[in-house]
Amino acid sequence: MLRHACSIVVLLLLLLANPPSILAQLRQSGEIRGQVRYSQGGAPAADVVVRLDQLSGGSVNEARTDRLGRFSFSNLSRIQYHVIIRHFGYKEIQREVNLIMASSEYLQLQLVSDESAPAPVRSSSKILDANVPPEARKEFEKAEVLVATGQKAKMGEGIHHLEKAIVIYPAFLEAKLKLGTTHMDLMQWSQAEQVLRQASEAHPRTPNVLFALGELFLQQGKSSEAEKVLREGLQLEPRSWQGHFTLGRLYWNNNDIVKAGRQVGLAIQLNPTLAEAHLLAGNIFLRARKNEEAQFEFEEYLRLAPKGKYVTETKQVLQKIKRARAQNDSPDKPKS
């Protein structure tokens, strides 16, 4: 009882001695943390803007969710707040938080799709042209079946059908893109470049053509040319996951993990089911020595692509990460 009374006296003396600074410290002791997930599937919502306003009016701060969908605001005054999230394609979220009675609050928030909002643009090589003659469309469809086999001889046969389709209808952009990408799949770089450059000249300012050229230049190691056309494409179609992911791969190849992480994060935000983007995100976090985030991304890759090309290697890396984290969390670990 005496000790408690003394502590109160000490606090009062401190307040009297330096009231502004002590009161400021007491007022600036609040914290709001939380996590945002997508309601469909439950995946963490990364790179989402979370705004914090005073309930009485006035903006306080903004934060972006990290790879695990987490956000935080610290050193807050002990007042009432509004947490607001406005994310394209999803319903607005608003939550009131009262820090007068409690110094901290943790929020679990879910993004619910807004059916009335326009759907985000998803890049695709499919370009519908109602003017395509039936004969050209028939040749194109034959080519699609052959190319889809992945067999070199049949893909070569498919190329001939694509060339016939373009002769029948020279403005057949969908066929030109398919022809260029098929040459790339066969590592016929000069033929692919010739086709795609011709497509770019005939159909200027077409994002999918620019993204295909960016992929071609990336495969050829032409970094500056690849970056130029990819950025041109993203200026025309900024919500293209294809463009952001290809640009992220380019920066990864150039050992710029900061820029790579930004682009890959945007690709995942636009297309959360893109397994290859989660795999690259895991490698980026691993290089940045963020093992927790890397583990999450590798696990997402395995969930989305259980029979993917890099499943064996990914599982091996995951085991190493888990062992390292277990050792770091061990209470017997020597203190430095």
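Where a number appears in this text, it was derived from the coordinates with a stated rule and is not lab data. For clarity, every value in this text was computed on a predicted model and none was experimentally measured. Virtual Cβ from ideal backbone geometry, glycine too; neighbours counted across all protein chains shown.
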Using a simple spin-label model with points 7 Å from Cα along the Cα→Cβ vector, what separation in nm is obtained for THR273 and GLN40? 0.9 nm
Counting only residues 5 or more apart in sequence or on a different chain, those whose built amide H sits under 5 Å from that of ASN254 are none
Compute the relative contact order of the range 140-198 as a whole-number percentage, counting only Cα pairs closer than 8 Å that sit 6 or more residues apart in sequence. 25 percent
Does the range 208-260 come out rounded, prolate or oblate by the C-alpha gyration tensor, with a ≥ b ≥ c the root eigenvalues, rounded set by a/c under 1.5 and, if not, prolate when a/b is larger than b/c and oblate if not? oblate
Everything considered on the Cα gyration tensor (a ≥ b ≥ c; rounded for a/c under 1.5, else prolate if a/b is larger than b/c, else oblate), the range 149-233 must be described as oblate
Taking every DSSP beta bridge that has both residues in the range 26-111, what percent is antiparallel when rounded to the nearest 5? 70 percent
The answer for VAL60, listing residues at least 5 apart or on another chain whose modeled amide H is closer than 5 Å to its amide H, is LEU52, ASP53, GLN54
Counting alpha carbon pairs within less than 8 Å and at least 6 residues apart, what relative contact order, in whole percent, applies to the range 26-111? 38 percent
Is the shape of the range 224-327 best called rounded, prolate or oblate, per the rule: a/c under 1.5 gives rounded, else a/b larger than b/c gives prolate, else oblate, with a ≥ b ≥ c the square roots of the Cα gyration tensor eigenvalues? prolate
Karplus ³J(HN,Hα) for the range 222-237 (6.51 cos²θ - 1.76 cosθ + 1.60, θ = phi - 60°; Hz, whole; x = Gly/Pro) runs 8, 4, 5, 5, 5, 4, 4, 6, 5, 5, 4, x, 6, 5, 7, 9
For the range 81-87, 3J(HN,Hα) per residue [Karplus equation, 6.51 cos²θ - 1.76 cosθ + 1.60, θ = phi - 60°, Hz, x = Gly/Pro]: 10, 10, 9, 10, 10, 10, 10
In the range 162-254, which trypsin sites (Lys or Arg not before Pro) are in a loop and have at most 14 other Cβ atoms within 10 Å, using DSSP for the loop call? ARG205
Spelling it out for GLY34: with amide H atoms placed in the peptide plane at 1.01 Å from N, the residues 5 or more places away or on another chain with amide H under 5 Å from its amide H are PHE71, LEU107
Can you put ASP53, ASP114 in order, fewest other beta carbons within 10 Å first? ASP114, ASP53
Under the Karplus curve 6.51 cos²θ - 1.76 cosθ + 1.60, θ = phi - 60°, whole-Hz ³J(HN,Hα) for the range 92-104, x wherever Gly or Pro sits: 5, 10, 9, 9, 8, 10, 10, 9, 6, 8, 10, 7, 8
The range 166-187 to the range 246-277: how many Å between their Cα centroids? 27 Å
